[in-house]
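A short reminder: the numbers here are calculations on the coordinates, not readings from a lab. Keep in mind that this is a model prediction, so the values were computed, not measured. Here Cβ is always computed from backbone atoms with ideal geometry, including for glycine, and neighbour counts include all displayed protein chains.
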Amino acid sequence: MPSHAPPLRTDRETAAHVARSHGLRVRIERGIGEVDYGDWTNASLAQLRRRALWAVIQATPSRVTFPGGESIRAAQARAVEATERIAAAHLGETVVAVSHADIIKAVVAHHIGQPLDHFQRLVISPASSTVILLPEGAAPVLLNLNDTSDPGFRAATTAGSD
């Protein structure tokens, strides 16, 4: 069971906790990294909620490109490509991929055929797990979404989750 992580330090730390408990090594996968929020990076939600673009993000995120950053559509495309590439490289195996809520929601939305503009309807909690089966030659299956029931996993990943 390989463990893949985006390049951010906190993501690597989270992946390392999971990998250690399963005797795995962490592999860096830039494609599952957080959305590039550009000028919005490190701004508080209170500040961002006052911006006109906030309402657009909530209602029609597929129309948004973050100032100085990337679009939600571009982030979804790279993350879906990365998860499919990872799945193809590990046919028949279980793979752990550590990422952030918006990326996880975008990947799930794609694989269940949900429009990206509805991805805000999905909830991904810190230190939760979501399981998608990506079988070769068959439709993806969402097996579990936002599972917070494993206290051992939560304890191991809380430090690095968003």
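Ordering 55-61, 29-35 by mean Cβ neighbour count within 10 Å, with the highest value first, yields 29-35, 55-61. Sorted ascending by nearby beta carbons within 10 Å, beginning with the fewest, Ser21, Ser128 become Ser21, Ser128. Highest mean packing first, where packing is the average number of other Cβ atoms within 10 Å per residue, the peptides 37-44, 66-73 line up as 66-73, 37-44.
Using the alpha carbons alone, the radius of gyration of the chain stands to its Kirkwood radius in an Rg to Rh ratio of 0.96.
Need one number: % antiparallel among DSSP beta bridges in the chain, to the nearest 5.
On the way: 5 of 10 bridges.
Just about 50 percent of them are antiparallel.
To the nearest 0.05, how large is the calculated FRET efficiency for Gln114 and Gln47 if R₀ is 35 Å and r is the Cβ-Cβ distance? Before the final figure, lay out each step's value.
Numbers: r = 29 Å, r/R0 = 0.83.
Once the sixth-power term is evaluated, E becomes 0.75.
Here the spin labels are modelled as points 7 Å beyond Cα on the Cα-Cβ line, and at Asn144 and His22 they lie 1.1 nm apart. When the chain is treated as a GNM with alpha-carbon contacts under 10 Å, the residue of Ser129, Ser99, Ser149 showing the greatest mean-square fluctuation is Ser149.
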